[in-house]
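Here, each number is a calculation from the coordinates, and none is a lab measurement. Keep in mind that what you see is a predicted model, and the values were worked out from it rather than measured. Neighbour counts are summed over all protein chains in view; Cβ atoms, including those assigned to glycine, are modelled from backbone coordinates with ideal geometry.
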Amino acid sequence: MGTYEAERTTSDRSSAPGTGETDETGWESHLRLGQDVRFVLAAVGGGAIRIGREIARQHIRHLETVAINCDPKVQGFDEYDRRVYLGPDSGAETDTGGSPFVGGLLARAAEPALQRIFHGATFVIVIGSLGGGAGSGALPYVLEVASRNAEVVSVFVVKPFRCEGERRALADRAIGRLHFVESFVEKRERGFATLQTLDNESLIQSQGRVAFSHISQHWASVIEEHIERSFLAPAEALLEAAQMSQATAVTPMNRLSAAAVPGLGLIPPGPAPMPGLPPGLPAVHGAGLEVELTFEIDNGVRPPAAQ
């Protein structure tokens with residue numbers, strides 16, 4: 001048994017979802033960003049959660065934010081709309097020992113919760129910090145569920161500094177594993193998914209010594225810019241044009257197909273903030289309704305908590 005709390009649902013998602021009815025006078029004009037068209041940012045692992053917190057604090061429109069970690073402290077990150085703790089419902093700390101295997105078992109046990117979070121999402125942005133047990137181990141399972149549910153998936157993986165030795169080697173192996181996540185690979189082949197590496201080492205090469213707090217802020221700004229330019233602005237432009245033209249088309253109200261938006265979510269990145277930096281992603285945030293969700297976890301696949 002595990003408990004996952006969902007709080008601070010954004011105000012533009014607080015009303016009831018669409019009923020699935022269609023209107024032949026122009027379905028696009030009736031879609032609601034943040035409800036019928038969902039933008040979800042999921043941060044997996046401690047480093048990714050620090051980046052995600054910087055993004056969540058910007059209160060980007062329409063964006064749902066989710067923090068996923070094996071550390072019970074994740075439940076106290078109020079900046080996030082939802083926090084998923086991959087551990088015993090007693091709140092006791094689960095020590096992965098830096099093992100991706102343990103992190104993977106915990107994520108696999110929480111698949112019903114992940115399914116509920118990503119179900120019906122249109123665009124999902126995943127940030128994964130590699131080199132530890134939680135990020136490296138849980139990320140493939142999170143990505144599998146997200147790719148099965150979302151129309152477009154963009155992934156940013158954060159790679160440790162070269163001086164971190166074994167953690168960096170572990171990150172390289174974790175990146176290799178992502179190329180075997182079946183649903184994600186299928187989406188990439190169809191042009192509806194991307195994978196980009198944010199290498200901390202590139203900051204040293206371009207900026208020299210960098211304050212630890214600046215690292216998260218820098219990657220957050222890269223991701224924010226990409227979210228705005230590749231997801232939010234095109235979606236808003238499409239719906240605005242539809243409202244003006246009242247195009248006659250019929251489609252389910254609860255899902256906007258990525259194919260309906262040429263290039264949406266996969267727009268080639270513009271000039272990078274500094275040499276060698278990859279593009280970024282979308283994020284959004286709001287305030288409002290508080291909800292508590294409880295999910296059943298299969299104890300048979302969960303490793304015992306550390307003694």
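Worth pointing out:
- Taking Arg148, Arg50 and counting other C-beta atoms within 10 Å, the order from fewest to most: Arg148, Arg50
- Of the residues Thr122, Thr65, the one with the fewest other Cβ atoms within 10 Å heads the list, and the complete ranking is Thr122, Thr65.
- Sorting Asp71, Asp78 from the fewest to the most surrounding beta carbons within 10 angstrom yields Asp78, Asp71.
- Computed label-point distance, nm, for sites Arg177 and Arg57 using a 7 Å Cα→Cβ extension: 3.1 nm
- Rounded if a/c under 1.5, otherwise prolate or oblate - segment 94-143, Cα gyration tensor axes: oblate
- Percentage relative contact order, segment 88-179, counting C-alpha pairs under 8 Å, at least six apart: 31 percent
- Segment 135-241: Cα Rg divided by the 2.2 N^0.38 Å rule of thumb: 1.22
- Relative contact order [Cα under 8 Å, 6+ residues apart], segment 156-218, whole percent: 44 percent
- For Phe184, net neighbour charge (Lys/Arg +1, Asp/Glu -1) across residues whose Cβ lies under 12 Å away: +1
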